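> The structure that follows is given in the form of structure tokens.
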């Protein structure tokens with residue numbers, strides 16, 4: 001039953017990636033050129049909606065959070081730096097590659113998925129000599145910001161949402177975006 | 001009203017805000033129903049663990065594939081299969097589903113029309129992405145969005161550093177055309 005939910009949620013996830021246009025090379029790379037910020041808008045909207053929903057539900061005692069992704073500062077940053085290179089180079093990420101493969105994009109289905117599987121082999125086989133050392137530095141464990149800074153989590157989530165909405169306002173109304181050069 | 005909704009579903013591209021709200025609701029449902037976080041990169045590791053153990057058990061029976069990532073069909077693997085069909089469903093609703101290669105004009109303007117070049121770069125990009133996600137503790141979905149919605153500091157460190165190196169990489173590739 002749980003797997004059926006996973007499948008349905010996966011379909012909706014892939015569907016949203018397709019509709020947001022994130023399965024296209026130019027959409028992903030142009031967020032790094034600030035000429036099309038759809039990726040940022042999509043990610044931040046999802047993040048804020050889920051944040052407000054989950055923190056409210058937790059306040060009402062209706063959900064328990066699963067294990068929060070661990071914070072180990074050096075590793076989160078080094079991993080992010082490596083990840084950004086791949087994302088700007090290839091114009092996709094793990095989720096959008098799979099969704100794009102489902103759309104019939106053979107570029108994503110064949111070299112894309114082979115690349116992710118090769119990366120998974122490489123990581124799995126070098127894990128023991130790389131990860132424990134990096135994760136041991138500045139490790140805060142499964143912490144969340146409101147607890148770390150001792151702030152009311154609902155107020156913090158609301159403040160975050162307001163900042164995001166202000167950013168969207170700057171992008172869409174005040175034109176905080178670069179013009180696409182003709183290539 | 002209903003007609004408008006149906007017409008919107010058939011559109012090729014949605015407002016990123018509407019698509020983002022949908023993903024946000026999916027993220028809430030994943031926690032509420034299954035007590036799981038959305039993610040993509042971890043499923044590749046589970047899948048390769050299953051395949052690796054079948055082909056070369058001596059190499060793949062290490063700490064990582066035995067204990068860190070379960071080498072079995074996990075919730076995340078089923079989710080990943082769903083993502084594949086979800087992308088397909090989205091394309092079918094807008095009549096854009098098609099077996100194809102090299103369909104991005106901007107790519108061709110920057111890298112040229114050679115297919116081998118595209119496939120090589122996508123392959124290398126996939127390796128870099130999966131390795132980076134491993135070190136960071138997740139990818140755009142599993143760490144940036146799923147961690148961010150729980151307000152985990154790791155998510156914001158990841159998003160920030162991903163943008164820094166992404167911008168530098170784009171600057172190097174695009175140079176005068178950035």
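Every read-out reported here was derived from the displayed coordinates using simple, explicitly stated rules and does not represent laboratory data. Note that the structure is a prediction, hence the values are computed from the model and not measured. Every residue, glycine among them, receives a Cβ derived from its backbone with ideal geometry; neighbour counts consider all protein chains shown.
> Can you name every residue in the range A:98-118 that is without any contact (Cβ under 8 Å) to a residue 40 or more places away in the chain and in contact with a strand residue (DSSP E or B) (Cβ under 9 Å, 6 or more places away or on another chain)? Spell out how you get there, then give the answer.
Within the range A:98-118, the subset without any contact (Cβ under 8 Å) to a residue 40 or more places away in the chain is A:101, A:104, A:106-107, A:109-118.
Selection gives A:104, A:106, A:107, A:112.
> Is it the case, given these coordinates, that residue B:23 is within 7 Å of chain A (Cβ to nearest Cβ), under 27 Å from residue A:142 (Cα atoms), within 19 Å of the chain's Cα centre (by Cα) and in a helix (DSSP H, G or I)?
Criteria met by residue B:23.
> Give B:41, B:34, B:61 a once-over and let me know the one that is touching a helix residue (DSSP H, G or I) at 6+ places or on another chain (Cβ under 6 Å) and under 27 Å from residue A:110 (Cα atoms).
So the residue among B:41, B:34, B:61 that is touching a helix residue (DSSP H, G or I) at 6+ places or on another chain (Cβ under 6 Å) and under 27 Å from residue A:110 (Cα atoms) is B:41.
> Right, here's the next one. Output the residues belonging to the range A:106-131 that are within 24 Å of residue B:67 (Cα to Cα) and surrounded by 24 or more Cβ atoms within 10 Å (Cβ to Cβ).
Hits for the range A:106-131 are A:115, A:116, A:119, A:120, A:123, A:124.
> May I pose another question? Looking for something in contact with a strand residue (DSSP E or B) (Cβ under 7 Å, 6 or more places away or on another chain) and either under 30 Å from residue A:56 (Cβ atoms) or more than 7 Å from chain A (Cβ to nearest Cβ) (or both) - is there at least one such residue anywhere in the range B:131-153? Spell out how you get there, then give the answer.
The initial filter retains those residues of the range B:131-153 that are in contact with a strand residue (DSSP E or B) (Cβ under 7 Å, 6 or more places away or on another chain), namely B:152-153.
Among the residues that remain, those that are also either under 30 Å from residue A:56 (Cβ atoms) or more than 7 Å from chain A (Cβ to nearest Cβ) (or both) are: B:152-153.
Among the residues of the range B:131-153, at least one is in contact with a strand residue (DSSP E or B) (Cβ under 7 Å, 6 or more places away or on another chain) and either under 30 Å from residue A:56 (Cβ atoms) or more than 7 Å from chain A (Cβ to nearest Cβ) (or both), which makes the answer yes.
> Restricting the range A:67-86 to residues that are more than 7 Å from chain B (Cβ to nearest Cβ) and outside any strand (DSSP E or B), which is farthest from residue A:131 (Cα to Cα)?
A:67
> Kindly provide the set of residues from the range B:1-17 that are surrounded by 16 or more Cβ atoms within 10 Å (Cβ to Cβ) and in a helix (DSSP H, G or I), ordered by number.
Residues satisfying the conditions are B:16, B:17.
> Here's a follow-up. Restricting the search to the range A:27-36, which residues are at the interface with chain B (Cβ under 7 Å from one of its Cβ atoms) and assigned to a helix (DSSP H, G or I)?
A:29
Residues are listed down the side, and each one gets a yes or a no for (1) within 18 Å of residue B:134 (Cα to Cα); (2) in a helix (DSSP H, G or I):
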{"site": "B:29", "(1), (2)": "no, yes"}
{"site": "B:37", "(1), (2)": "yes, no"}
{"site": "B:46", "(1), (2)": "yes, yes"}
{"site": "B:49", "(1), (2)": "yes, yes"}
{"site": "B:54", "(1), (2)": "no, yes"}
{"site": "B:64", "(1), (2)": "yes, yes"}
{"site": "B:77", "(1), (2)": "yes, yes"}
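> With respect to the numbered conditions (1) facing chain B (nearest Cβ under 7 Å); (2) without any contact (Cβ under 8 Å) to a residue 12 or more places away in the chain, which one is the sole condition not fulfilled by residue A:61?
For residue A:61, the failing item is (1).
> Here are the criteria: (1) at the interface with chain B (Cβ under 7 Å from one of its Cβ atoms); (2) surrounded by 19 or more Cβ atoms within 10 Å (Cβ to Cβ); (3) without any contact (Cβ under 8 Å) to a residue 60 or more places away in the chain; (4) over 21 Å from residue B:31 (Cβ atoms). Tell me which single one residue A:39 does not satisfy.
Tallying (1) at the interface with chain B (Cβ under 7 Å from one of its Cβ atoms); (2) surrounded by 19 or more Cβ atoms within 10 Å (Cβ to Cβ); (3) without any contact (Cβ under 8 Å) to a residue 60 or more places away in the chain; (4) over 21 Å from residue B:31 (Cβ atoms), residue A:39 fails exactly one: (1).
> Only one of (1) assigned to a helix (DSSP H, G or I); (2) farther than 18 Å from residue B:159 by Cα fails for residue A:150. Which number is that?
Among (1) assigned to a helix (DSSP H, G or I); (2) farther than 18 Å from residue B:159 by Cα, residue A:150 violates only (1).
> Which ones in the range A:96-111 are under 16 Å from the mean Cα position of the chain (by Cα) and more than 14 Å from residue A:24 (Cβ to Cβ)?
Selection gives A:98 alone.
> What number of residues in the range B:90-110 are surrounded by fewer than 22 Cβ atoms within 10 Å (Cβ to Cβ) and within 19 Å of residue B:22 (Cα to Cα)?
Residues that pass the stated criteria total 3.
> Which residue, of A:177, A:163, is assigned to a helix (DSSP H, G or I), under 22 Å from the mean Cα position of the chain (by Cα) and at negative phi?
A:163
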